[in-house]
Amino acid sequence: MSWLLAFVGFAVLIIFHELGHFAAAKAVGMRVERFSLFFPPLIGKVKRGETEYAIGAIPLGGYVKITGMNPAEEIPEEHQHRAYYRQPVWKRVVVIAAGPLVNIVLAFVILFALFAFKGQVVSTDSVDGVQAKSAAQGVLKPGDRIVAVDGVTGSTAALRQQIGTHTCPGSTKTQGCVAATPAKVTIVRDGAQKTVEVSPRYDKDAQRMLIGFTFGAKYDPLAPGDAASSSVTGMWNVTKGTVSAIGKLFYDSEARKNVSGIVGSYETTRQSIQQDDVVRTLTLLALISLSLAIVNLFPFLPLDGGHIFWALAEKVRGRPIPFRVMEQASYVGFVLVIMLFAIGLTNDIDRLRGEGFGVR
C-alpha cells in the first residue's frame, strides 16, 4: 500500500503543476491540444472539446501541449491567433510560470496546515531514547527528566551546550574519545531527583561531544500569522539551499554525492508512509513540490525557466528571438537536466544497495 500511496502523492504534485499551465493557458485564450499525466506511449485518452486528456506509460512527469509552442509548427489558419508564439510576452510568462507557482503555493499550504494544526516541534526535557553502546546506556532511561547538567539549567539547547563544554584530553578530537571530566547530570526519575555522572564522547558526524540520548519532542500549534511566517522562512531556506547545492555540483564532489533523484524522493516518501508518519510524509511532499518549482525555474530550456527567460529576452530586445538560437541553447539545458537526473539516479541506486535513505 505504501508504494501506491507514494505514487499517488507524486502524481498529485505533477497533476497540480500541469493544471497550473493548463488553467493559465485556457484563461488567456491559448489553444490546449493535450493535457497528459506522464509521458508517452499513451495508455489511455479521451477528448473533451478541443483538448485531449491522456495518461502515459512512463511515470516521470507530465505535460500540456499548447498549439504553437514550436515557432516552426504548421498551424491551421483558424487556430493561428491562439498559438503560443502569437501571444504577447506577458501571456506566455503567465502560462509558463503558473506551473511552478502552483507547486510553490501547494508547498506553502501543506506547511502552513502542519504548523497551524499540528504545530512546531519543540524539544522537551525528558529522555526519549538512549543509544546502544553509548555513555548514557545503563545510566539514563527513557522517561528520565533532565533537570540540569553541571548545575546549568534552562532549555534543551543550553543543556546540550553544557555537555559540549566537556572535551577530550589534548587538542586532537578523535571519534569516540572520552571527555577528561564527566558531566554531572541531574535527573528526576520516578518522582525522585538524583545526580548521575556520564562521560561524553566525541562524535565525528555531529562534530561535538555527546552522551548518547535523545530528548523527547512535542508539537506546539502556531497562530495563523506565525504559521505563515514559519512556512515562508522554511521555504526560503530550502530555496537558498537548493540553489547553492546545484551550483556546487560543478566543482564539489561531495555535493554530487548528496544529490537525490526521483527514485530517492519516492522511496523516502514511501518509507515515511509505511511507518505511518503523516507529518514526515506531508513535509516531504511539500519540500518535493517546492524543489520541483525551484528546479523548473532555472533559466534553461526545456525547463519552464528557460521559456520565461527567452520570453523576457524578446521583450527587452523588442522582437522575437530566432528559433535557431533558442534551439541551440536548449541543447545546453537538456545536457544539464540529464546530468542532474543521472547523478541523482546513480546516488539513489547506491543508497538502495547500501544503507538506504535514513528513514527510521
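The values are calculated or read from the model by the stated rules, or taken from the named source; none is laboratory data. Quick caveat: nothing in here was measured; it's all calculated off a predicted structure. Positions of Cβ are generated from backbone atoms using ideal geometry, with glycine treated the same way; all protein chains shown enter the neighbour counts.
What to note about this one:
- Test for Gly61: is it surrounded by fewer than 16 Cβ atoms within 10 Å (Cβ to Cβ) and in contact (Cβ under 8 Å) with a residue 24 or more places away in the chain: no
- Considering the stretch 178-223, and only residues there that are in contact with a helix residue (DSSP H, G or I) (Cβ under 6 Å, 6 or more places away or on another chain) and within 30 Å of Leu106 (Cβ to Cβ), the residue that is modelled with the highest pLDDT turns out to be Leu222.
- The sole residue among Val259, Val232, Val263, Val316 that is part of a helix (DSSP H, G or I) and modelled with pLDDT under 85 is Val263.
- Filter result for Glu327 (charged (D, E, K, R), at pLDDT below 85, buried (at least 19 other Cβ atoms within 10 Å of the Cβ) and part of a helix (DSSP H, G or I)): no
- Condition check for Ser134: touching a residue at least 40 places away in the same chain (Cβ under 8 Å), in a loop (DSSP other than H, G, I, E, B) and surrounded by fewer than 19 Cβ atoms within 10 Å (Cβ to Cβ): yes
- Among residues of the stretch 152-189, those that are exposed (fewer than 11 other Cβ atoms within 10 Å of the Cβ) and closer than 26 Å to Val121 by Cα, counted: 1
- Test: Ala72 is under 26 Å from Phe298 (Cβ atoms), surrounded by 14 or more Cβ atoms within 10 Å (Cβ to Cβ) and either small (Gly, Ala, Ser) or touching a strand residue (DSSP E or B) at 6+ places or on another chain (Cβ under 8 Å) (or both): no
- The residues of the stretch 182-215 that are among the hydrophobic types (A, V, I, L, M, F, W, C) and in a strand (DSSP E or B), listed by number, are Ala183, Val185, Ile187, Val188, Ala192, Val196, Val198, Met209, Leu210, Phe213, Phe215.
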